Amino acid sequence: MMPTKIKVIYQGALWKGSTAAMRAEAFGALPAVQCVPLDTGAVIGGKASIYNRVMWKLGRPNDTYKENEALMATVERERPDAILVDSSRVITVATLRAMRNFGPIVRAYYSPDDSIGRHFLSAQLEASLPLWDVFFTNKQVNVPELKALGAANPVHVGKGCDPAIHRPLVQSEVGTEYDSCDLVFVGSFEAERCRSINRLAGAGMRVVVWGDNWPSRVLDPRVTVRPAQYGTDYGKALHTGKIALGFLRKLNRDTITSRSWETTAMGRPLLAEKTDDHDTAFIDGEGYVGFTDDDDLVAKARTLLGNDELRLRLAEKGRERCLSSGASTVQRAMEMLGHIQAARERILGQLVE
């Protein structure tokens with residue numbers, strides 16, 4: 001018989017404003033879940049030794065934050081029904097096997113990136129794939145790829161947003177920088193993104209970029225660069241441009257990103273790379289405008305900047321679509337909980353047999 005509440009240990013980098021923290025909070029908000037958050041201690045911009053950086057590059061990251069030890073200690077103390085590990089690359093086969101000594105615990109994993117990409121898939125994670133009872137991935141393309149690598153139960157779950165954080169802001173909340181630039185991009189440097197932003201600046205548009213690792217030697221000097229922002233400050237950053245840019249991360253083979261949902265949830269006009277997934281989520285021209293290359297990007301940015309009514313309608317339609325699409329973090333958590341409960345039923349059924 002299934003318990004009225006399922007106890008889930010949620011392990012991840014749970015620093016304030018992180019996407020993992022948002023997902024953990026969403027699980028905690030579900031009436032059917034007793035969520036036990038387990039912060040790994042990892043933070044953005046944390047310093048790593050040369051040895052640790054080399055091991056990461058080799059695909060064999062060190063367990064710097066003793067994630068295996070902390071997870072096992074918490075499992076022994078809490079005796080959960082399930083554990084959900086968010087993005088860790090260091091959980092070992094030995095840890096997952098030892099967990100079953102404390103009961104029929106569902107071992108679930110969540111990947112927000114390209115799960116089989118060389119930048120993500122560590123030796124530890126690849127070896128452990130057959131032992132995860134559910135492996136959640138944000139990319140549909142990863143499902144057959146994970147199966148081919150031995151994953152027992154890969155499941156696609158879409159990206160989402162937190163409506164409590166990702167909401168429209170007014171000028172008094174943002175300050176004098178509200179809509180002060182023509183276009184805004186929030187994200188890290190990639191060469192292709194930089195070329196596109198340079199084209200916009202070269203066409204006379206005011207662009208502000210919020211993110212890390214944007215080298216001044218290749219970025220047009222007319223572009224304003226600000227540091228990366230998280231949580232509520234991330235929302236304020238996206239309100240500093242009249243149009244929000246939605247570039248995709250090629251390293252992750254992105255066709256839609258969390259930023260797509262977050263931007264539209266905040267009622268910001270989204271000008272993003274045109275993909276089938278963007279078109280399915282929002283419909284080109286209703287909820288977002290898609291561009292195919294830099295010439296198209298510049299032309300469509302000019303059109304939107306020249307038509308306040310069009311931008312307002314685009315923002316309204318995008319927000320309506322986002323809120324009605326089931327893309328909130330709580331709704332995504334409910335979806336994942338269903339798969340975790342199904343896995344638990346299978347495990348309990350095997351014990352009866």
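List the pairs whose first member sits in region 116-136 and is farther than 18 Å from Tyr10 by Cβ and part of a loop (DSSP other than H, G, I, E, B), whose second member is of a type outside the set (A, V, I, L, M) and open to solvent by 50 Å² or more (accessible area, probe 1.4 Å), and whose Cβ atoms are under 8 Å apart, counting only residues at least 6 apart or on separate chains?
What qualifies is Gly117/Arg253; Ser122/Arg60.
Can you tell me which residue is nearest to Ile340 (Cα to Cα) among those in region 57-83 that are touching a residue at least 60 places away in the same chain (Cβ under 8 Å) and open to solvent by 40 Å² or more (accessible area, probe 1.4 Å)?
Step by step, filter region 57-83, then rank; the result is Arg79.
Looking at region 220-272, which of the residues that are over 16 Å from His166 (Cβ atoms) and part of a helix (DSSP H, G or I) is least open to solvent (accessible area, probe 1.4 Å)?
The qualifying residue least open to solvent (accessible area, probe 1.4 Å) is Asn252.
Would you check which residues across region 3-36 are open to solvent by 60 Å² or more (accessible area, probe 1.4 Å) and either more than 18 Å from the chain's Cα centre (by Cα) or of a type in the set (Asp, Glu) (or both) and list them?
Answer for region 3-36, where residues must be open to solvent by 60 Å² or more (accessible area, probe 1.4 Å) and either more than 18 Å from the chain's Cα centre (by Cα) or of a type in the set (Asp, Glu) (or both): Thr4, Lys5, Glu25, Ala29, Pro31, Gln34.
Is it the case that region 299-312 has a residue that's on the phi < 0 side of the Ramachandran plot, touching a Cys at 6+ places or on another chain (Cβ under 8 Å) and either surrounded by 14 or more Cβ atoms within 10 Å (Cβ to Cβ) or not in a loop (DSSP other than H, G, I, E, B) (or both)?
Scanning region 299-312 turns up no residue that is on the phi < 0 side of the Ramachandran plot, touching a Cys at 6+ places or on another chain (Cβ under 8 Å) and either surrounded by 14 or more Cβ atoms within 10 Å (Cβ to Cβ) or not in a loop (DSSP other than H, G, I, E, B) (or both).
Any residue at all in region 200-216 that's modelled with pLDDT of 95 or more, part of a strand (DSSP E or B), over 30 Å from Leu14 (Cβ atoms) and open to solvent by 10 Å² or more (accessible area, probe 1.4 Å)?
No, because not a single residue in region 200-216 is modelled with pLDDT of 95 or more, part of a strand (DSSP E or B), over 30 Å from Leu14 (Cβ atoms) and open to solvent by 10 Å² or more (accessible area, probe 1.4 Å).
Is there any pair linking a residue in region 100-115 that is closer than 12 Å to Lys139 by Cβ to one that is among the hydroxyl-bearing types (Ser, Thr, Tyr), with Cβ under 8 Å and at least six apart or on different chains, and which?
That search, which allows pairs on different chains as well, returns Ser111/Ser87; Ser111/Thr137; Pro112/Thr19; Pro112/Ser87; Pro112/Ser258; Asp113/Ser87; Ser115/Thr137.
With respect to Ala164, is the statement that it is part of a loop (DSSP other than H, G, I, E, B), open to solvent by 30 Å² or more (accessible area, probe 1.4 Å), touching a helix residue (DSSP H, G or I) at 6+ places or on another chain (Cβ under 7 Å) and among the small types (Gly, Ala, Ser) true? Lay out the reasoning, then the answer.
Details: part of a loop (DSSP other than H, G, I, E, B): yes; open to solvent by 30 Å² or more (accessible area, probe 1.4 Å): yes; touching a helix residue (DSSP H, G or I) at 6+ places or on another chain (Cβ under 7 Å): no; among the small types (Gly, Ala, Ser): yes.
Spelling it out, it is not the case that Ala164 is part of a loop (DSSP other than H, G, I, E, B), open to solvent by 30 Å² or more (accessible area, probe 1.4 Å), touching a helix residue (DSSP H, G or I) at 6+ places or on another chain (Cβ under 7 Å) and among the small types (Gly, Ala, Ser).
Identify all residues within region 313-353 that are under 29 Å from Leu245 (Cα atoms) and not in a helix (DSSP H, G or I); write none if there are none.
Hits for region 313-353 are Ser325, Gly326, Ala327, Ser328.
Across region 152-188, what is the number of residues that are of a type in the set (A, V, I, L, M, F, W, C) and under 21 Å from the mean Cα position of the chain (by Cα)?
Summing the residues that are of a type in the set (A, V, I, L, M, F, W, C) and under 21 Å from the mean Cα position of the chain (by Cα) in region 152-188 gives 8.
The values are calculated or read from the model by the stated rules, or taken from the named source; none is laboratory data. Note that the coordinates shown come from a computational prediction; the quantities given were computed from them, not determined experimentally. In this analysis, Cβ positions are derived from the backbone assuming ideal geometry, glycine residues included, and neighbour counts consider all displayed protein chains. Keep in mind that these areas ignore ligands, DNA and RNA; they rest on the heavy atoms of the full protein, side chains included. Shrake-Rupley method; radii C 1.70, N 1.55, O 1.52, S 1.80 Å.
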